[in-house]
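The values are calculated or read from the model by the stated rules, or taken from the named source; none is laboratory data. Nothing here was measured: the structure is a model prediction, and the numbers come from that model. Note that each Cβ is placed from the backbone with ideal geometry, even for glycine, and that neighbours are counted across all protein chains shown.
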Amino acid sequence: MFHIYCPYCEELREEEEFHPKGQAHIARPEEPDTCSDEEWGDYLFFRDNPRGIHHEMWLHAVGCRKFFNITRNTVSYEILETYKMGEQPTITAEHLAREEKNAREEKTNNAQVAEGGQQTVGASDAAVASVKGAQA
Amino acid sequence: MSQTASQPNRLAQGGQVDRTQALTFTFNGHTYTGHPGDTLASALLANGVDLVNRSFKYSRPRGIVASGAEEPNAVVQLGATEATQVPNVRATQQALYDGLVARSTNGWPDAQRDIMRWIGKLGSPFMPPGFYYKTFMAPASMWMTYEKFIRKTAGLGRSPTQSDPDIYDHMHRHCDMLIVGAGPAGLSAALTAARAGARVILADEQEAMGGSLLDTRETLDDQPAAQWLKTTLAALAEHDNVTLLPRTTAHGYHDHHFVTLHERRTEHLGDSAPSKAGYRQPRSRLHRVRAGQVILATGAHERPLVYANNDVPGNLLAGAVSTYIRRYGVVPGEKMVLSTSNDHAYRAALDWQEAGREVVAIVDARTAPQGDLVAQAKAAGIRVITGSAVLEAKGAQRVSAARVAAIDVDAFRVTGKVETLECDTIASSGGYSPVIHLASHTGARPVWSDAIIGFVPSTVAGVAASGGARGVYPLDEVLADGVEAGVNAATALGFDVTVDDADLPQVASRHEGPVCALFQVPHEKATLRAPKQFVDLQNDVTASAIEVATLEGFESIEHVKRYTAMGFGTDQGKLGNINGMAVTARCLGQSIPETGTTVFRPNYTPVTFGAVVGRHCRELFDPERYTPMQAWHVARGAEFEDVGQWKRPWYYPRKRADGGLESIGEAVARECRAVREGVGILDASTLGKIDIQGPDAREFLGRIYTNKWQKLAPGRVRYGLMCGDDGMVMDDGTTSCLAENHFLMTTTTGNAAPVLEWLELWHQTEWPELDVYFNSVTDHWATMTVTGPEARKLLTDLTDIDLDREAFKFMDWREGHVAGVPARVFRISFTGELAFEINVQAHYAMHVWEALFARGEAFDLTPYGTETMHVLRAEKGFIIVGQDTDGSVTPEDLGMHWAIGYDKPFPWVGKRALTRADTRREGRKQLVGLKPKDASVVLEEGAQIVFEPNHAIPMPMVGHVTSSYYSPTLESGFALAVVKGGHQRMGESVYLPMVDGRVHEAEIVSTQFVDPKGERQHV
């Protein structure tokens, strides 16, 4: 059962207080009357199913009744951040990929200095940790 | 001593049982005695009971193997009475109490005289892996019959047929640190964290805390381990920030450090919880713990070696032998052979010898064992045979001898001559497997460690394994590891921790030689021909079955598991999984890490349904919602219908002239006539009500409803239709304009909460610029619908509102008083008759309701329920969303073009989808009325409709009946239905072929059966 930080109540609460509402950041087309059937269909029915970082909308249903967003890892179920409606995530799959690439390059540089050395911690974990640290 | 006479295997001294008290218990109908401190298993062994069960598939005799949760055989049915039956209890985990009654779970008619044994003996060559799948697959229709037989012969325990007399509690807890396991690692971690000031919960599944300290040979600070244990537990108990939970199993590790603990409060005291101060105590508590940090100090399970006939009673785990001797004062035999791959198991031989029984030999797979315990065994004069193993046990109901020979572990073959050693007990140890179940529940894959020859948990933030759970075994290292885990977790929580090395007890450091990786012992015969070598005792999975599975092409360990049933049942592979993986790896010619591991899922050990359900049963299973008039409905003998969580009066049966009670048909016919001819009243309080306020409330309504709201004046009411953005109808109801910026929306009863959420969703995510507020007022207002031609006359004397048909028109609402209390009265109609919906604040409701009936006596005011409401509304063609619609129906399909504002300026929710090709196409299913040709027929709701009754099967289905009733007004059955292109087919016949072969014919008609012009509601 998730432990979710409500960005409006500013407290960690039990999952039982919340309703999941699916993928976040699904914008309704600005001009529904003129958009194509494909665009409308994409908006209505098509959702991502990523392995890893996923941005989701939740409702604090028996709390403050506010909708907000969660960035969650669909593998570890770790919630990386929660943010208010209208805000953008600071942790994204692209962001993590960039961090991982940087970490890899750094590793390579270090390896050149230290003549090898074994990588024991997943770079993505390190990247997540650094982002979380920055948030905290 | 007299006790030892009745308990032949009980030692005169030693262990932590209270020999001064005798407890009487019954197993398979025989009465035995044991002592406080015993488990059912230790008491059975003390009494020399070798045979505790029959095996699952081959019906072989089985005895006790282990001393804890990993026990595969001693799985019993507990309970002296029918109501207190508990299935699948591990005898090793059940404390003995006076009057305990248990039976073997398997064995028909009983474990001693087992009919299935003969089938097992004769049939075993014909029972390959996948036997049940292969044999009982065809014909599929017979499976139910087979299953009953298989269940009876091989099944696990049974559930009671009577109601459980016990109560169970749930508790929610929060802590900084949850420590699972109160062995040396858990205790030292808890002490460290407690001193740092962290709020700690320490849970341990056993009857007593201490883990391995309860039976270790080691000393701490030169004292027996029990002394340090006692001091430490006392020290922990003194800390206010520490909660000690003995007899508590952490059975599930869920997301974000949410752990469920099952605390057995009274299961060690009796069949049913005893009372305390006049109150029945809960049998168990389920603690739902949210922890900041979790330390898993769950220890390790010993692995048995896999050799031929290793399932005959008398084959035990080496560690279990030590536990029974040292903790319970029970020696489960006379002459023991120990087969081992490691030093640690030597203590079983030392304990056995010190108990005064004979150790025939220690058979060590290593060629040159050289640890301290080895030296100690040799010094004690015990024969040590090196480079060898027990290949095979002899004996039927009990071990009679061990066949021993030199083996080449790497080449997997027997290299020496076989020696037969007479004995009645074979203890074996193939090393230890860390208990990684809870760590696996987090989803983190375990990692193989060559150093400890076992899987260890991988790293997850906030969870740390400590001690045996991560493969640290020597006691001094375990204690230090616990402290380190405590320090790390406390530091992560922000506590300032200082550790004094002097706090750690002194433990003599002991030299242990390296362990040899032995799992399956080779036999002179090939695995497929050798006597059965059991890998998973509970599910009767043998090494040969696994080999067959790999020969048949199963390569994934997950497939092997499912094909052979390895790791199923109550023990969930605690004992057999690693050995099974090792055998699979050997057969496939790969390493264990290449073979992988199966993932453990909750629960670690079985949890009773009572504990899971807690108090959420019977009337507390789901909340029931009542309207303020509930007591009146009950007093009037109403029958109730569940609508969501609401209890709604369904109909009010009256006494007939003959003294009997009206049937539902008779009551509904009477109620319908009352409304159409006189006056009736409905409790409509359950309708959802949402108060909407704000300068943009009107604009908001225009965007969320399909129809127009710009011109609705205060004092007026309008019907609204709500669609999803896919254009499908999702709710309907009336919305009244209370003031320029103030509206009251009603929703269907079941949709009140979803509609509120829907409004908030659009407001918060798409249109936050709109200044509008929503509030659920469903429970604040009670609603009474007074309807029928006499409604106005009845109300006139009760209200100060002018009820004149011109002053108070249809679809108006007025504020005033009814029966002296403030009221809102709405002239809306769901029956098609003159109707007034009276809304009063809920706490006035009963007063108003009774005042209406007092005045209504003169008019024979008739209360009606939901069934009559349905008939009356259907006669008028009024839809029920969710009954006449199913999420694929547009307003156009319902023939409600009049409620669609295509020319509204804002692209309202659902509009775009109504112009898609699919929602515009010909031949969509459309709502129509159906009039059966035979007036006495009431069509079945859900019945399929066809155009051509003589078409070959499969007939093209063109729609179905959505609502169908008998109308007392029409004196005929009638129905609403969706039919392809129905609006263009008025007057045509359709057919409804029924399951019983009858085919009903019906005519497509308008949905308005009664008063099609709508004149009656305007009077």
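From the list B:Leu756, B:Leu738, which residue is assigned by TED's automatic domain parsing to the domain that holds B:Val717, aliphatic (A, V, I, L, M) and more than 30 Å from A:Lys84 (Cβ to Cβ)?
Numbers: B:Leu756 fails: more than 30 Å from A:Lys84 (Cβ to Cβ).
Just one listed residue meets the conditions, B:Leu738.
Given the conditions (1) of a type outside the set (A, V, I, L, M); (2) more than 43 Å from the chain's Cα centre (by Cα); (3) surrounded by 14 or more Cβ atoms within 10 Å (Cβ to Cβ), and given that B:Lys647 satisfies all but one, which numbered condition is not satisfied?
Condition not satisfied by B:Lys647: (2).
Among residues belonging to the stretch A:74-86 that are touching a helix residue (DSSP H, G or I) at 6+ places or on another chain (Cβ under 8 Å) and under 26 Å from B:Gly462 (Cβ atoms), point out the one that is farthest from the other protein chains (Cβ to nearest Cβ). So that I can check it myself, show each step before the final result.
Taking the stretch A:74-86 first, the residues touching a helix residue (DSSP H, G or I) at 6+ places or on another chain (Cβ under 8 Å) are A:77-81, A:85.
Then drop every residue that is not under 26 Å from B:Gly462 (Cβ atoms), which leaves A:77-81.
Working: A:Tyr77: 5, A:Glu78: 8, A:Ile79: 7, A:Leu80: 12, A:Glu81: 14 Å.
This residue is A:Glu81.
Could you say whether any residue in the stretch B:425-438 is in contact (Cβ under 8 Å) with a residue 40 or more places away in the chain, in a helix (DSSP H, G or I) and surrounded by 22 or more Cβ atoms within 10 Å (Cβ to Cβ)? Spell out how you get there, then give the answer.
Pass one, the stretch B:425-438, residues in contact (Cβ under 8 Å) with a residue 40 or more places away in the chain: B:425-438.
Next, from what is left, pick out any that are in a helix (DSSP H, G or I): B:437-438.
Among the residues that remain, those that are also surrounded by 22 or more Cβ atoms within 10 Å (Cβ to Cβ) are: B:437-438.
There is at least one residue in the stretch B:425-438 that is in contact (Cβ under 8 Å) with a residue 40 or more places away in the chain, in a helix (DSSP H, G or I) and surrounded by 22 or more Cβ atoms within 10 Å (Cβ to Cβ).
Which residues, taken from the stretch A:1-39, are part of a loop (DSSP other than H, G, I, E, B) and under 14 Å from A:Arg65 (Cα atoms)? Steps first, please.
The initial filter retains those residues of the stretch A:1-39 that are part of a loop (DSSP other than H, G, I, E, B), namely A:1-2, A:7-10, A:18, A:24-36.
Across the stretch A:1-39, the qualifying residues are A:Pro7, A:Tyr8, A:Cys9, A:Glu10, A:Phe18.
Checking the conditions here, which among A:Ile4, A:Ile91 is closer than 21 Å to B:Gly443 by Cβ, within 11 Å of chain B (Cβ to nearest Cβ) and crowded, with 17+ Cβ neighbours inside 10 Å? I'd like the intermediate steps shown before the answer.
Values: A:Ile91 fails: within 11 Å of chain B (Cβ to nearest Cβ).
Answer to the selection: A:Ile4.
B:Arg814 fails exactly one of the following numbered conditions: (1) within 14 Å of chain A (Cβ to nearest Cβ); (2) surrounded by fewer than 21 Cβ atoms within 10 Å (Cβ to Cβ); (3) in contact (Cβ under 8 Å) with a residue 60 or more places away in the chain. What is the number of that condition?
The failed condition is (1).
Please work out if B:Tyr97 is part of a loop (DSSP other than H, G, I, E, B) and modelled with pLDDT of 95 or more.
Details: part of a loop (DSSP other than H, G, I, E, B): yes; modelled with pLDDT of 95 or more: yes.
Against the criterion (part of a loop (DSSP other than H, G, I, E, B) and modelled with pLDDT of 95 or more), B:Tyr97 qualifies.
Out of the residues in the stretch B:729-763 that are surrounded by fewer than 21 Cβ atoms within 10 Å (Cβ to Cβ) and in contact with a Pro (Cβ under 6 Å, 6 or more places away or on another chain), which is farthest from the other protein chains (Cβ to nearest Cβ)?
Result: B:Ala739.
Give the residues of the stretch B:890-927 that are closer than 22 Å to B:Tyr991 by Cβ and either surrounded by 13 or more Cβ atoms within 10 Å (Cβ to Cβ) or within 14 Å of another protein chain (Cβ to nearest Cβ) (or both), sorted by residue number.
B:Asp893, B:Arg924, B:Lys925, B:Gln926, B:Leu927
May I ask you to say which residue of A:Phe18, A:Phe45, A:Phe68 is aromatic (Phe, Trp, Tyr) and more than 10 Å from chain B (Cβ to nearest Cβ)? I'd like the intermediate steps shown before the answer.
Values: A:Phe45 fails: more than 10 Å from chain B (Cβ to nearest Cβ); A:Phe68 fails: more than 10 Å from chain B (Cβ to nearest Cβ).
Only one candidate passes the filter, namely A:Phe18.
Identify, by number, the condition in (1) away from chain B (no Cβ under 13 Å); (2) surrounded by 12 or more Cβ atoms within 10 Å (Cβ to Cβ) that A:Cys35 doesn't meet.
It fails just one condition, (1).
Before we move on, is B:Asp812 charged (D, E, K, R) and in contact with a helix residue (DSSP H, G or I) (Cβ under 9 Å, 6 or more places away or on another chain)?
Numbers: charged (D, E, K, R): yes; in contact with a helix residue (DSSP H, G or I) (Cβ under 9 Å, 6 or more places away or on another chain): no.
Here the answer is no, as B:Asp812 does not meet what is asked.
Can you list the strands (runs of 3 or more DSSP E) lying wholly within the stretch B:198-273 that have 2 or more residues being among the aliphatic types (A, V, I, L, M) and in contact with a Leu (Cβ under 8 Å, 6 or more places away or on another chain)?
Values: elements: B:200-203, B:242-245, B:248-254, B:258-264.
Counting at least 2 such residues, we get B:200-203, B:242-245, B:258-264.
Check B:Leu930 against each of (1) under 42 Å from the mean Cα position of the chain (by Cα); (2) away from every other protein chain (no Cβ under 14 Å); (3) buried (at least 20 other Cβ atoms within 10 Å of the Cβ) and name the one condition it does not meet.
All conditions pass for B:Leu930, except number (1).
Take the residues of the stretch A:56-65 that are more than 10 Å from chain B (Cβ to nearest Cβ) and under 16 Å from A:Gly22 (Cβ atoms): which is surrounded by the most Cβ atoms within 10 Å (Cβ to Cβ)? Spell out how you get there, then give the answer.
At the first step, the residues of the stretch A:56-65 found to be more than 10 Å from chain B (Cβ to nearest Cβ) are A:56, A:58, A:60, A:62-64.
Still in the list and also under 16 Å from A:Gly22 (Cβ atoms): A:56, A:58, A:60.
Values: A:Glu56: 18, A:Trp58: 24, A:His60: 20.
So the residue we want is A:Trp58.
Check B:Ala823, B:Ala819, B:Ala845 and return the single one that is farther than 23 Å from B:Gln1017 by Cα, buried (at least 18 other Cβ atoms within 10 Å of the Cβ), without any contact (Cβ under 8 Å) to a residue 40 or more places away in the chain and more than 14 Å from every other protein chain (Cβ to nearest Cβ).
Of the residues listed, the single one that is farther than 23 Å from B:Gln1017 by Cα, buried (at least 18 other Cβ atoms within 10 Å of the Cβ), without any contact (Cβ under 8 Å) to a residue 40 or more places away in the chain and more than 14 Å from every other protein chain (Cβ to nearest Cβ) is B:Ala819.
Quick check: anything in the stretch B:462-474 crowded, with 19+ Cβ neighbours inside 10 Å, free of Cβ contacts under 8 Å to residues at least 40 places away in the same chain and not β-branched (Val, Ile, Thr)? Even if it seems obvious, please write down each step before you answer.
Taking the stretch B:462-474 first, the residues crowded, with 19+ Cβ neighbours inside 10 Å are B:463-473.
Filter once more, so that each one left must be free of Cβ contacts under 8 Å to residues at least 40 places away in the same chain: B:470.
Now drop any that are not not β-branched (Val, Ile, Thr), which leaves B:470.
Checking the stretch B:462-474: at least one residue is crowded, with 19+ Cβ neighbours inside 10 Å, free of Cβ contacts under 8 Å to residues at least 40 places away in the same chain and not β-branched (Val, Ile, Thr).
Within the stretch A:21-32, count every residue that is within 9 Å of chain B (Cβ to nearest Cβ) and acidic (Asp, Glu).
Residues meeting the conditions: 1.
I'd like to check which strands (runs of 3 or more DSSP E) are fully inside the stretch B:710-804 and have at least 2 residues that are acidic (Asp, Glu). It would help to see each step written out before you state the result.
Working: elements: B:717-723, B:729-739, B:742-747, B:773-776, B:781-787.
Those strands (runs of 3 or more DSSP E) span B:729-739.
Considering every residue within the stretch B:293-302, establish whether at least one is buried (at least 23 other Cβ atoms within 10 Å of the Cβ), within 19 Å of B:Ser440 (Cα to Cα) and within 14 Å of chain A (Cβ to nearest Cβ).
The answer is yes; a qualifying residue exists.
Collect the residues in the stretch B:69-83 that are part of a loop (DSSP other than H, G, I, E, B) and farther than 16 Å from B:Gly569 by Cβ, keeping them in residue-number order.
Of the stretch B:69-83, the ones part of a loop (DSSP other than H, G, I, E, B) are B:69-74, B:79-81.
Residues satisfying the conditions are B:Gly79, B:Ala80, B:Thr81.
For the stretch B:443-471, enumerate the residues that are within 11 Å of chain A (Cβ to nearest Cβ), among the hydroxyl-bearing types (Ser, Thr, Tyr) and touching a strand residue (DSSP E or B) at 6+ places or on another chain (Cβ under 6 Å).
Across the stretch B:443-471, the qualifying residue is only B:Ser458.
Out of the stretch B:617-640, which residues are under 28 Å from the mean Cα position of the chain (by Cα) and surrounded by 12 or more Cβ atoms within 10 Å (Cβ to Cβ)?
First, pick out the residues of the stretch B:617-640 that are under 28 Å from the mean Cα position of the chain (by Cα): B:617-625.
Listed by number, the residues that qualify are B:Cys617, B:Glu624, B:Arg625.
So, restricting to helices (runs of 4 or more DSSP H) that lie completely within the stretch B:486-603, which ones have at least 2 residues that are outside the structural domain of B:Arg62 (by TED's automatic domain parsing), of a type in the set (A, V, I, L, M) and closer than 30 Å to B:Ala377 by Cβ?
Values: elements: B:543-551, B:557-564, B:577-588, B:592-595.
Filter on the stretch B:486-603 gives B:577-588.
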